[in-house]
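The values are calculated or read from the model by the stated rules, or taken from the named source; none is laboratory data. These figures come from a predicted structure and were not determined experimentally. Counting neighbours? That spans all protein chains shown, and the Cβs are built from the backbone with ideal geometry, glycine included.
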Amino acid sequence: VVRAEMFGQLTSGLEAAWTKLKGEEVLTKENIVEPMRDIRRALLEADVSLPVVRRFVQAVSDQAVGVGLIRGVKPDQQLVKIVNDELVKLMGGEVSELVFSKSGPTVILLAGLQGVGKTTVCAKLANYLKKQGKSCMLIAGDVYRPAAIDQLVILGEQVGVPVYTAGTEVKPSEIAKQGLEEAKKKKIDVVIMDTAGRLQIDKGMMDELKEVKKVLNPTEVLLVVDAMTGQEAAALVTTFNVEIGITGAILTKLDGDSRGGAALSVKEVSGKPIKLVGRGERMEDLEPFYPDRMAGRILGMGDVLSFVEKAQEVMRQEDAEELQKKIMSAKFDFNDFLKQTRAVARMGSMTRVIGMIPGMGKVTPAQVREAEKNLKLMEAMIEAMTPGTAMYNHIMYHALPWMVDCRCFASRITQLEQYIKFDESVCAYLETMSLVLLLSPFILFS
Ligand code: GDP
């Protein structure tokens with residue numbers, strides 16, 4: 001089965017471990033042997049580096065045999081919890097925020113090999129910071145590929161951020177100097193400099209970066225790495241850190257069929273945190289790296305918090321409260337339904353949205369396409385009907401079992417609390433806002 005969610009293989013590999021503990025009363029030295037083997041295999045197949053896997057497995061088994069019997073918690077759930085906590089720790093624990101300069105512009109220097117998504121990240125990052133109310137400027141420093149400068153200018157226009165260029169005849173360190181002066185004159189908050197990548201690490205590139213770094217005295221030096229390179233990403237971060245000194249990494253292409261090795265290895269191997277992740281080619285597809293959410297996603301718990309955040313972006317709090325009241329008093333009607341589905345549609349592609357919902361990790365891309373089609377069909381049907389038509393009754397008839405399913409979803413959210421810390425308002429929001437409406441096409445037309 002192809003899974004719509006990234007890390008799908010890792011998720012199923014780990015699931016195999018929990019499954020072996022079904023029916024056990026307590027975790028013992030003996031009954032965790034097999035599950036630990038599954039965990040080890042799953043991590044290696046996800047291309048996590050061997051020493052990291054060894055330490056991880058050791059830490060998990062030490063804790064697993066130590067926990068004893070906890071009332072009400074089954075051994076398989078206990079193991080999930082231990083693995084979850086260790087995964088979070090492995091990825092650095094807390095989210096690692098970008099640092100901003102207190103005096104003068106914050107300077108962010110981006111480095112990375114060719115094709116990893118560095119130029120794209122420049123513009124995405126500017127877009128991201130602009131949304132936080134910061135003024136940004138980009139500096140085009142990739143003098144070896146004239147196309148890279150053009151690309152940056154186009155992307156800058158797209159996100160509405162000025163781009164400083166000086167052509168390809170000027171040395172990158174000189175461009176950096178001029179660009180920074182310009183930014184100071186214009187009282188820009190954040191300057192982001194793109195640099196030239198190479199296909200592989202080489203001395204020319206490192207020397208150039210060192211020079212640029214000296215001129216810029218950057219607040220952040222971020223290495224852009226491609227998640228598809230697995231544990232190689234961690235090795236690269238280490239090398240760049242030793243050579244030029246970096247403050248963190250940005251992991252790109254996490255939307256592809258990345259196996260997880262990069263996300264899990266970078267911090268542990270290099271000591272440097274992943275600060276941001278790229279999840280697609282659109283300018284909006286850049287987010288902070290949350291170790292706890294990532295762990296939740298790897299464990300197939302979906303990424304409820306990211307989901308809520310996205311939902312909040314497209315849905316106003318008042319609307320949610322009104323909806324809540326309507327559902328409670330059984331006044332929720334098809335117009336509300338339509339409003340909901342449209343709000344959900346604004347959250348992005350359905351594949352991504354569904355990947356974030358707990359328990360929906362097993363939905364295949366084909367099913368998603370089918371659902372999207374059904375959703376359009378349903379919209380058309382709803383728009384065509386008047387209360388009392390046969391169509392109305394037909395949909396109502398099918399909607400009832402679906403409503404029951406929504407309740408199941410809500411209880412699933414409540415179960416999740418043992419893995420992810422929610423505050424109460426988030427819980428209430430999730431349960432009542434019923435974004436589960438998304439699931440309706442699967443049920444209504446199946
Ligand atoms: P650079 O050589 O490092 O500057 O790489 P570019 O920024 O030119 O990106 C190389 C390719 O990767 C382009 O086609 C981008 O659209 C694509 N790309 C960049 N980031 C992402 C990402 O997060 N996800 C996906 N799917 N593609 C990306």
message: Out of the residues in segment 160-177 meeting the condition of being assigned to a loop (DSSP other than H, G, I, E, B) and within 16 Å of the ligand (Cβ to nearest atom), tell me which one is nearest to Val143 (Cα to Cα).
response: Thr168
- prompt: For segment 106-144, which residues satisfy the criterion of being among the small types (Gly, Ala, Ser) and surrounded by fewer than 23 Cβ atoms within 10 Å (Cβ to Cβ)?
  reply: Gly115, Gly117, Gly133, Ser135
field: Single match in Gly230, Gly245, Gly300, Gly296 (criterion: in contact with a Lys or Arg (Cβ under 7 Å, 6 or more places away or on another chain) and small (Gly, Ala, Ser))
entry: Gly230
- prompt: What pairs come up if the first residue lies in segment 149-166 and is under 17 Å from Leu180 (Cα atoms), the second is aliphatic (A, V, I, L, M) and assigned to a helix (DSSP H, G or I), and their beta carbons are under 6 Å apart, counting only those six or more places apart or on different chains?
  reply: Val161/Ala126; Val163/Leu152; Val163/Val153; Thr165/Ile149; Ala166/Ile175
- prompt: Does Thr229 qualify as being within 16 Å of the ligand (Cβ to nearest atom), crowded, with 23+ Cβ neighbours inside 10 Å and of a type in the set (Val, Ile, Thr)?
  reply: no
Residues that are over 14 Å from the mean Cα position of the chain (by Cα) and within 16 Å of the ligand (Cβ to nearest atom), drawn from segment 232-251: Glu232, Ala233, Leu236, Val237, Phe240, Ile246, Ala249
- line: Residues in segment 145-164 that are in contact with a Gly (Cβ under 9 Å, 6 or more places away or on another chain), surrounded by 15 or more Cβ atoms within 10 Å (Cβ to Cβ) and not aliphatic (A, V, I, L, M) total 2
statement: Those residues of segment 86-100 which are under 20 Å from Ala262 (Cβ atoms) and either surrounded by 21 or more Cβ atoms within 10 Å (Cβ to Cβ) or not acidic (Asp, Glu) (or both) amount to Leu87, Val88, Lys89, Leu90, Met91, Gly92, Gly93, Val95, Ser96, Leu98
statement: Only unsatisfied item for Ala46, checking (1) buried (at least 21 other Cβ atoms within 10 Å of the Cβ); (2) within 16 Å of the ligand (Cβ to nearest atom), is (2)
- request: Select from segment 273-288 the residues that are crowded, with 23+ Cβ neighbours inside 10 Å and more than 10 Å from the chain's Cα centre (by Cα) and list them in ascending order.
  value: Ile274
message: When you scan segment 225-245, do you find a residue that is out of contact with any strand residue (DSSP E or B) (no Cβ under 7 Å at 6 or more places or on another chain), at pLDDT 95 or above and outside any helix (DSSP H, G or I), even just one?
response: no
- prompt: Going by the conditions given, is Gly261 more than 16 Å from the ligand (Cβ to nearest atom) and either modelled with pLDDT of 90 or more or over 30 Å from Leu155 (Cβ atoms) (or both)?
  reply: yes
query: Where residues in segment 89-105 are in contact (Cβ under 8 Å) with a residue 40 or more places away in the chain and over 29 Å from Leu264 (Cβ atoms), which of them is farthest from the ligand (Cβ to nearest atom)?
result: Gly104
statement: If you go through Leu254, Leu199, Leu222, Leu276, the only one that is under 23 Å from Ala42 (Cβ atoms), within 16 Å of the ligand (Cβ to nearest atom) and outside any helix (DSSP H, G or I) is Leu254
message: I'm trying to understand the selection: among the residues of segment 116-129, which are closer than 23 Å to Gly245 by Cβ and more than 9 Å from the ligand (Cβ to nearest atom)?
response: Leu125, Leu129
query: Among all residue pairs at least 6 apart or on different chains, which show Cβ distances below 9 Å where the first residue, located in segment 193-208, is in contact (Cβ under 8 Å) with a residue 40 or more places away in the chain and outside the structural domain of Val225 (by TED's automatic domain parsing) and the second is more than 10 Å from the ligand (Cβ to nearest atom) and not in a strand (DSSP E or B)?
result: none
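Rundown of residues vs (1) more than 25 Å from Met294 (Cα to Cα); (2) more than 13 Å from the ligand (Cβ to nearest atom); (3) of a type in the set (Lys, Arg); (4) in the same structural domain as Gly204 (by TED's automatic domain parsing), yes/no style:
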{"position": "Gln114", "(1), (2), (3), (4)": "yes, no, no, yes"}
{"position": "Lys131", "(1), (2), (3), (4)": "no, yes, yes, yes"}
{"position": "Cys136", "(1), (2), (3), (4)": "yes, yes, no, yes"}
{"position": "Arg145", "(1), (2), (3), (4)": "yes, no, yes, yes"}
{"position": "Ala148", "(1), (2), (3), (4)": "yes, no, no, yes"}
{"position": "Gln158", "(1), (2), (3), (4)": "yes, no, no, yes"}
{"position": "Gly179", "(1), (2), (3), (4)": "yes, yes, no, yes"}
query: On the given criteria, is Ser103 of a type in the set (Ser, Thr, Tyr), at pLDDT below 95 and surrounded by fewer than 21 Cβ atoms within 10 Å (Cβ to Cβ)?
result: yes
- request: Within segment 185-201, identify whether any single residue is among the polar types (S, T, N, Q), modelled with pLDDT under 95, under 19 Å from Leu236 (Cβ atoms) and surrounded by fewer than 22 Cβ atoms within 10 Å (Cβ to Cβ), and answer yes or no.
  value: yes
message: Given (1) closer than 26 Å to Ile274 by Cα; (2) at pLDDT below 95; (3) of a type outside the set (Asp, Glu), identify the lone condition not met by Arg145.
response: (1)
